[in-house]
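The values are calculated or read from the model by the stated rules, or taken from the named source; none is laboratory data. Keep in mind it's a predicted model, so treat the numbers as computed, not measured. For neighbour counting, all protein chains shown are included, and Cβ atoms are generated from backbone atoms with ideal geometry for every residue, glycine included. For the accessible areas, the whole protein counts, side chains as well, though only heavy atoms, and no ligand, DNA or RNA atoms are used. Shrake-Rupley method; radii C 1.70, N 1.55, O 1.52, S 1.80 Å.
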There are 2 protein chains.
Amino acid sequence: METKIKFIGYVATSIDGRISKNSSASVNWTSKEDWDFLQKSLSNVDAVIVGYNTYKISEDRFKQRKTIVLTSKVSEPKIKGSIILINPKKCNLSQFLKAKNYKRVAILGGSYVYDFCLRRKMLDELFVTIEPLVFTSGVSMFNGKEFKKYKFSLQSIKRLNKNGTVLLKYKNEN
Amino acid sequence: METKIKFIGYVATSIDGRISKNSSASVNWTSKEDWDFLQKSLSNVDAVIVGYNTYKISEDRFKQRKTIVLTSKVSEPKIKGSIILINPKKCNLSQFLKAKNYKRVAILGGSYVYDFCLRRKMLDELFVTIEPLVFTSGVSMFNGKEFKKYKFSLQSIKRLNKNGTVLLKYKNEN
């Protein structure tokens with residue numbers, strides 16, 4: 001019997017829905033508590049999916065995990081140690097993941113990858129960490145071509161620290 | 001003795017920080033519970049500040065309130081019943097509000113007005129209602145010219161309904 005893979009998104013955002021200054025900026029503005037939560041969560045997944053920019057920002061850390069990098073830079077899947085570069089336009093990603101027998105896969109962004117996974121029904125749960133900052137500019141959490149209303153339901157709310165970092169857990173209801 | 005005016009922002013957003021489809025779209029996607037909260041809150045303010053697009057979308061409702069509309073369409077303040085159109089580039093807005101003896105003023109958007117008030121130190125508190133939806137596209141909560149880190153602190157968290165609409169109250173710490 002085939003088991004469905006569970007796809008779990010993790011995103012850290014400002015109050016105003018921005019995830020970074022620009023696509024090559026490092027993610028060094030989040031709280032220790034969010035970092036600890038993410039590391040603990042990732043110890044329970046079989047692999048992570050990221051975009052090429054997100055991969056390049058933290059290359060050394062991704063080298064220590066089963067990491068699937070979505071990129072248009074390759075035509076055939078390309079393996080570098082624990083890293084696999086895949087062009088989802090030229091390879092059936094779902095089939096690839098099933099063949100690997102993965103049970104739980106983490107989606108770590110950036111905004112094109114979150115959008116890609118949401119559209120492809122590869123985002124069953126979404127953990128959103130809201131840091132108590134407003135950026136007013138920068139990269140938005142999702143980067144979609146068209147406005148849609150994807151329904152989610154809130155599973156839990158947790159306050160992570162004194163400053164007021166909030167962790168929301170959502171289930172995809174689409 | 002002069003009392004400082006308290007400026008309180010109210011914003012309803014998707015999980016991904018979008019406040020509408022586009023600048024002329026009506027705000028009919030928020031929950032009844034958020035609507036009720038907003039109406040109750042507005043009964044305790046002396047005036048509301050909005051941008052011209054936000055004003056036009058709900059003109060009939062704003063006509064029933066003391067409404068300050070920020071717009072570049074006028075050079076001198078222009079009064080239409082309870083509505084005052086002001087060009088903040090050609091009029092000292094703070095001075096105008098002080099002369100009116102306002103104590104509490106609500107900031108109701110859109111994204112340019114939220115950004116304007118934040119930069120001008122006219123946003124002491126911010127109530128953020130997060131509806132359990134992802135839009136992937138649309139108007140961002142704040143529209144600033146440059147990336148900045150404005151610090152806020154979380155005052156309270158409240159779940160407004162079964163679907164998981166969340167109301168966060170922040171204090172501006174800048």
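On a 0 to 90° scale, report how tilted helix A:32-42 is relative to the longest principal axis of chain A, with both axes built from alpha carbons and the result rounded to the nearest 10.
30 degrees
Over the stretch A:16-156, what is the relative contact order in percent, taking alpha-carbon pairs closer than 8 angstrom and at least six residues apart?
Contact order relative to length: 30 percent.
Kindly state, to the nearest 0.05, the FRET efficiency for residue B:120 paired with residue A:35, given R0 = 25 Å and r defined as their beta-carbon distance.
The pair residue B:120/residue A:35 has a calculated efficiency of 0.15.
Go through the stretch A:111-138 and flag every residue whose accessible area shrinks by 30 Å² or more with all protein chains in place compared to the isolated chain (probe 1.4 Å).
With the partner chains in place, the stretch A:111-138 has these residues losing at least 30 Å²: A:130, A:132, A:133, A:134, A:135, A:136, A:137.
Given labels modelled 7 Å from the Cα in the Cβ direction, how far is it in nm from residue B:151 to residue B:98?
The answer from the label model is 2.7 nm.
Checking the cross-link filter: which lysines have an alpha carbon closer than 23 Å to that of residue B:151, excluding same-chain neighbours under 8 positions apart?
Cross-link targets: A:21, A:32, A:158, A:162, B:4, B:6, B:121, B:169, B:171.
For the stretch B:115-157, with all protein chains present and a 1.4 Å probe, just round the carbon and sulfur fraction of the accessible area to a whole percent.
The value for the stretch B:115-157 is 45 percent carbon and sulfur by accessible area.
Rolling a 1.4 angstrom probe over the protein heavy atoms, how many square angstrom per residue are accessible across chain B?
Here the residues of chain B average 50 Å² of exposed surface.
List for the stretch A:7-21: residues with 30 Å² or greater reduction in accessible area, all protein chains versus chain alone, probe 1.4 Å?
A:15, A:16, A:18, A:21
Given a Förster distance of 22 angstrom, what is the FRET efficiency for residue B:24 paired with residue B:89, based on the Cβ-Cβ distance and rounded to 0.05?
According to the calculation, E is roughly 0.45.
Taking the Cα centre of the protein assembly as shown as origin, work out the dipole magnitude from +1 charges on Lys and Arg Cβ and -1 charges on Asp and Glu Cβ, in debye rounded to 20.
Once rounded to the nearest 20, the dipole reads 160 debye.
Report for chain B the percent antiparallel among DSSP-assigned beta bridges with both residues inside it, nearest 5.
Of all bridge pairs located within chain B, approximately 45 percent are antiparallel.
Using a 7 Å offset from Cα along the direction of the beta-carbon, what are the separations from residue B:104 to the same position in each other copy, nm, ascending?
4.5
Copy-to-copy spacing for residue B:174, label 7 Å out on the Cα-to-C-beta vector, in nm, shortest first?
Once sorted, the set of distances for residue B:174 reads 3.3 nm.
For the stretch B:114-174, what class follows from the C-alpha gyration tensor (a ≥ b ≥ c being the square roots of its eigenvalues): rounded when a/c is under 1.5, otherwise prolate if a/b is larger than b/c, else oblate?
It comes out oblate by the Cα gyration axes.
First compute the accessible area of the stretch B:54-105 with a 1.4 Å probe, then give the percent of it belonging to carbon and sulfur atoms.
45 percent
Computed on protein heavy atoms with a 1.4 Å probe, what is the summed buried accessible area for the chain pair A and B, in Å² to the nearest 100?
Buried surface at the A/B interface: approximately 3300 Å².
Would you calculate, for chain A, the mean residue ellipticity at 222 nm contributed by helices, counting each DSSP H stretch of 4 or more residues as -39,500 (n - 2.57) and dividing by all residues, to the nearest 500?
-5500 deg cm²/dmol
I'd like the mean, over residues of B:149-158, of how many other protein chain beta carbons sit within 10 Å of each residue's own Cβ.
5
Residue B:78 label points, 7 Å along Cα→Cβ, one per copy: pairwise distances from this copy to the rest in nm, shortest first?
Label point to label point, same position, other copies: 5.9 nm.
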